[in-house]
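One structure is given here, and the rest of the page talks about it.
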Amino acid sequence: MSTRLSSIDIVSRCVQGFSSQQLGQLDNCFKPDYARYVTPGVPGVRSYSEHLAELRNRHSKLSSARFDMHEIFGDENTVIARFVLSAQHTGDFLGIPATGRAFIRPQICFFHFKDMQIADNYSFVDMQLMLDCLRGQRSDTEHWPRVPIAQGKADPLLPAVQAKKVSALLEHAFNAGGPVHEDALHEDFRAYGLPGAAAPLTGPEYLAFLRSRRDRYRAASMSIDEMYAHAAGVAVRYTVRGESAATAVRAPIIVSEQCATIFHFADERMVNAFAILDSYGVQVQLDAGQAP
């Protein structure tokens, strides 16, 4: 593989290779000990060979499986990619017998590079949407609409300023309690991909949603696991932890909810957010009786 390929080119090459079933394009793109870290209930991998076998298995169980790239940005060390897996469910996949239904599975990935090869990937997938499609409860319609995304200004200090705003918003919403700073959001702000939302959320609705996640658990706290700031946007992955409510059949347990969001800015305020919250993983923990 030519050393002239950028990290973004390498990720794009891998996405195209999967969609065209030309998996040979992935050779030399990954470290041999590549690891894919995932949320509870979704299989990860701990080597490139395991990753390749898992991709081959997808094509054997799914018809017309492809990735549709919505957004990609980064540098030589980190690449953020937002894309959607679409396919027809024609074989036993993730333990689910074939339904013949078409589905989509939105995904946000944090790829990390070493020596210009992908060393690991923190992958967030909307498993709940995929399962809803396979059950016939939701259609395989576009999850993330195609909206114009500004590439940001050339000011090298701007990404750091934007990252601080995102951090302050999340910290205040989850850890400080009380009202959040609504002026951090643009009047045209829209949030996409949030569970239970039939339409994009406005700024006030998004703030109410964040508060609802905080109030869902007893003694909830939020920790930012990674934040990547770029002129194209700010990507953050974070974990909300707290004690679940007791039910007639289950005692309270500590639950860990993993989330990934990409924020874009206009006029120095957040104008949209594309999110994946692992509601499926939370249910897996509740069923198992413990958090990872």
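Laid out as a table, the results:
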item: Unique residue being more than 18 Å from Pro145 (Cα to Cα), crowded, with 16+ Cβ neighbours inside 10 Å and touching a His at 6+ places or on another chain (Cβ under 6 Å) when the list is Arg237, Arg214, Arg269; result: Arg269
item: Qualifying residue in region 116-129 (condition: of a type in the set (Asp, Glu) and surrounded by fewer than 15 Cβ atoms within 10 Å (Cβ to Cβ)); result: no
item: Members of region 13-38 that are closer than 19 Å to Ile108 by Cα and among the hydroxyl-bearing types (Ser, Thr, Tyr); result: Ser19, Tyr34, Tyr37
item: Residue check for Ile72: more than 30 Å from Ile254 (Cα to Cα), open to solvent by 30 Å² or more (accessible area, probe 1.4 Å) and of a type in the set (Val, Ile, Thr); result: yes
item: Boolean, Gln88 is polar (S, T, N, Q) and over 21 Å from Leu134 (Cβ atoms); result: no
item: Given (1) free of Cβ contacts under 8 Å to residues at least 60 places away in the same chain; (2) farther than 20 Å from Gln283 by Cβ, number of the condition Ala232 does not satisfy; result: (1)
item: Count of region 20-55 residues which are within 21 Å of the chain's Cα centre (by Cα) and open to solvent by 50 Å² or more (accessible area, probe 1.4 Å); result: 3
item: Scan of region 193-234 for residues that are in contact with a helix residue (DSSP H, G or I) (Cβ under 8 Å, 6 or more places away or on another chain) and of a type in the set (A, V, I, L, M), ordered by number; result: Leu194, Ala197, Leu201, Leu207, Leu210, Ala220, Met222, Ile224, Met227, Ala229, Ala231, Val234
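Here is a yes/no grid of residues against (1) in contact with a Lys or Arg (Cβ under 9 Å, 6 or more places away or on another chain); (2) aliphatic (A, V, I, L, M):
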site	(1), (2)
Leu26	yes, yes
Val38	no, yes
Gly41	no, no
Arg46	yes, no
Leu85	yes, yes
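The values are calculated or read from the model by the stated rules, or taken from the named source; none is laboratory data. If you're wondering where the values come from, they're calculated on a predicted model, not measured in any experiment. Every residue, glycine among them, receives a Cβ derived from its backbone with ideal geometry; neighbour counts consider all protein chains shown. Each accessible area value is taken on the protein alone, full model and side chains, heavy atoms only, with ligands, DNA and RNA left out. Shrake-Rupley method; radii C 1.70, N 1.55, O 1.52, S 1.80 Å.
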